[in-house]
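The values are calculated or read from the model by the stated rules, or taken from the named source; none is laboratory data. The shown structure was predicted, so the numbers you read here are calculated from the model rather than taken from an experiment. So basically every Cβ, Gly included, is an ideal-geometry build from the backbone, and we count neighbours across all protein chains shown.
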2 protein chains.
Amino acid sequence: MVEIPARLAGKPSWLLTQLAVHAHRLASECFAEVGARGHHFRVMAVLEEFGAVSQAELGRRSNMDRSDVVAAVNELAEQGFVEREQDPRDRRRNLVTLTGAGSRHLRRVDRALGEVQDDLLAPLPDEDRQTLTRLLTQLLTHHQRA
Amino acid sequence: MVEIPARLAGKPSWLLTQLAVHAHRLASECFAEVGARGHHFRVMAVLEEFGAVSQAELGRRSNMDRSDVVAAVNELAEQGFVEREQDPRDRRRNLVTLTGAGSRHLRRVDRALGEVQDDLLAPLPDEDRQTLTRLLTQLLTHHQRA
DNA sequence: CCATATGATTGGTGACGCCAACGTTGGCGT
DNA sequence: ACGCCAACGTTGGCGTCACCAATCATATGG
């Protein structure tokens, strides 16, 4: 193993970003196996929980830029996982809906992603996993506001 | 505030990567203020703790790709913060050393980065901060091996 | 009716992690 | 001594993600 300088290893921001790299790598491999990508999962997760929403809403709820939502919805529509139609009550909006195939796809990805969580937290006992989740949630909520 | 779907908010990998985005943003602002960048800090941190090392070694200890080390060392050398010379004992290697100005620069960046940690962990009491650091360190060490 | 705001889309930027290829050099086995 | 393999530095490129600016269409409130 290689030793990492204390100036890095001692900083929570370092631990966080480096661990996020691993998390991201694990998730990406998982996405690749089922032919999806991070942005796709995020969009589908919103659609499944909140029904048909506009793309702007999609971006807000999945923490994505509007322009990135466009690309994600394009790709998902090509694969038949979502449908995009103009909102009759507000013709600026596109109402995006999850198709049956999309719903099945989402469940498939979600299952695989569950195993990723296990790999990610592998060395921690259940209690520590809960503590970690709680602390991270607390921090994230705090930074979402500001 | 906007509600995030449970399929996202419940996953440690999501919490981790999203929080890493905030950490990264805070750090980037900090770097920008002193005219530095993430890669620069990493390289300088290694040099300060381990002395003159080769670029390959630099990459291993700061978790960077060799090619990215090249760019970082180029930029740091232009600013006079590091010096690059051929290792007389192994002419494949470049020995990189931190200059006096580099050392001062590192300390400046490090100090600013300290405040970032505080912003990042703002809502947590001291005890929780230590717990979080411990858990993250544990996970990171685990994933470094594999 | 006009000013303002919101939505979708396009195009571009930068940080970061990563990979493939190449030429140079060192070390090792035979 | 030779050839092979490994390590190093360098260049160029790729994919993901976050983000920004500009544009056009459409609602909405004064």
Scanning the range B:93-145 residue by residue, those in a helix (DSSP H, G or I), among the polar types (S, T, N, Q) and either on the phi > 0 side of the Ramachandran plot or at pLDDT 95 or above (or both) turn out to be B:103, B:117, B:130, B:131, B:133, B:137, B:138, B:141
Got at least one residue in the range A:87-102 being surrounded by 16 or more Cβ atoms within 10 Å (Cβ to Cβ), within 19 Å of the chain's Cα centre (by Cα) and within 16 Å of DNA strand D (Cβ to nearest atom)? no
TODO: For residue B:121, state whether it is away from every other protein chain (no Cβ under 12 Å) and of a type outside the set (Lys, Arg).
DONE: no
Restricted to the range B:61-86 and to residues being away from DNA strand D (no atom under 13 Å from the Cβ) and away from every other protein chain (no Cβ under 14 Å), the residue surrounded by the fewest Cβ atoms within 10 Å (Cβ to Cβ) is B:80
Checklist entry - Just a yes or no: is a residue in the range B:59-80 closer than 22 Å to residue B:24 by Cβ, in contact with a Phe, Trp or Tyr (Cβ under 7 Å, 6 or more places away or on another chain) and not acidic (Asp, Glu)? => result yes
By residue number, the members of the range B:30-59 that are closer than 14 Å to residue B:77 by Cα and assigned to a helix (DSSP H, G or I) are B:39, B:40, B:41, B:43, B:44, B:47, B:55
Here the qualifying pairs (Cβ atoms under 7 Å; residues six or more apart or on different chains; first in the range B:1-23 and within 7 Å of chain A (Cβ to nearest Cβ); second part of a loop (DSSP other than H, G, I, E, B) and buried (at least 19 other Cβ atoms within 10 Å of the Cβ)) come out as B:12/A:121
Within the range A:24-67, residues free of Cβ contacts under 8 Å to residues at least 24 places away in the same chain, of a type in the set (A, V, I, L, M, F, W, C) and closer than 18 Å to residue A:84 by Cα come out as A:46, A:50
Counted residues in the range A:18-58 being surrounded by 22 or more Cβ atoms within 10 Å (Cβ to Cβ) and not aliphatic (A, V, I, L, M) come to 3
Per the list (1) in a helix (DSSP H, G or I); (2) at pLDDT below 95, residue check on residue B:2 breaks on (1)
Here the residues within the range A:78-92 that are part of a loop (DSSP other than H, G, I, E, B) and closer than 15 Å to residue A:44 by Cβ are A:79, A:80, A:81
Checked against (1) away from DNA strand D (no atom under 13 Å from the Cβ); (2) away from every other protein chain (no Cβ under 11 Å), residue A:31 satisfies every condition except (1)
Within the range B:6-37, of all residues that are in contact with a Ser or Thr (Cβ under 7 Å, 6 or more places away or on another chain) and within 11 Å of DNA strand C (Cβ to nearest atom), the one farthest from residue A:127 (Cα to Cα) is B:27
Picking from B:108, B:89, B:93, B:129, the residue that is among the charged types (D, E, K, R) and touching a strand residue (DSSP E or B) at 6+ places or on another chain (Cβ under 8 Å) would be B:93
